[in-house]
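The values are calculated or read from the model by the stated rules, or taken from the named source; none is laboratory data. Everything numeric here is computed off the predicted structure, so don't read it as measured data. Ideal geometry is used to build each Cβ from the backbone, glycine not excepted, and the neighbour counts take in all protein chains shown. With ligands, DNA and RNA removed, areas are computed over all heavy atoms of the protein, side chains included. Shrake-Rupley method; radii C 1.70, N 1.55, O 1.52, S 1.80 Å.
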Amino acid sequence: MRIMTGRVLVCYATRYGSTADIAREIGEELKNSGFLVDVNNILEIEDIGPYDAIVIGSPLYMGKWLVEARDFVQRFKHLLNQRTVFVFTAGYSLKDLVRENIKSAEEALDTIRLDINPSDAAFFAGMVNPDIMSVQDAAITRMGRVDAGDFRDWSRIREWATKLAEELRSHP
């Protein structure tokens, strides 16, 4: 039997920093709720054993989570299935939370759900800044007529983090 320590890992994959910012905000809200929280890039994580709960975030690129996020889930799936897990997806298409966009983001999680069963999943708009993007990504955004800007809804993000804290407190 595991003894609950109140330790939470908020981890993320990111390409240009938007998802990292969201993860840090979730981490701050969980800290403010009394949890011991570490916020780390997925690429830096070697062990998830000490954590009672894991929050995993990834941006949506070409309809999928980033490969490093998918690899993280695959690598740690056995331990993740012994923990409380929450996931969030960030992306430009999620600036309009219409059924079609949510359905597409949910489908991106199908690959993740082959390995783990998250307690909850959230979908957040991201940020688009062509000035910091690779040449290829900037070209794709131009071709897709993607608007530049910061579309993150910080109050929605904090509300979700508060909901996670409440759920974690209700676990034995």
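Couple of notes before you dig in:
- Residue in the range 32-40 that is outside any strand (DSSP E or B) and crowded, with 22+ Cβ neighbours inside 10 Å present: no
- Any hit, the range 86-101, residues being out of contact with any helix residue (DSSP H, G or I) (no Cβ under 9 Å at 6 or more places or on another chain), not aliphatic (A, V, I, L, M) and not in a helix (DSSP H, G or I): yes
- Selection within the range 60-84 - within 14 Å of PRO50 (Cα to Cα) and surrounded by 20 or more Cβ atoms within 10 Å (Cβ to Cβ): PHE76, LEU80
- Odd one out for ASP137, checked against (1) of a type outside the set (Gly, Ala, Ser); (2) open to solvent by 30 Å² or more (accessible area, probe 1.4 Å); (3) modelled with pLDDT under 80: (2)
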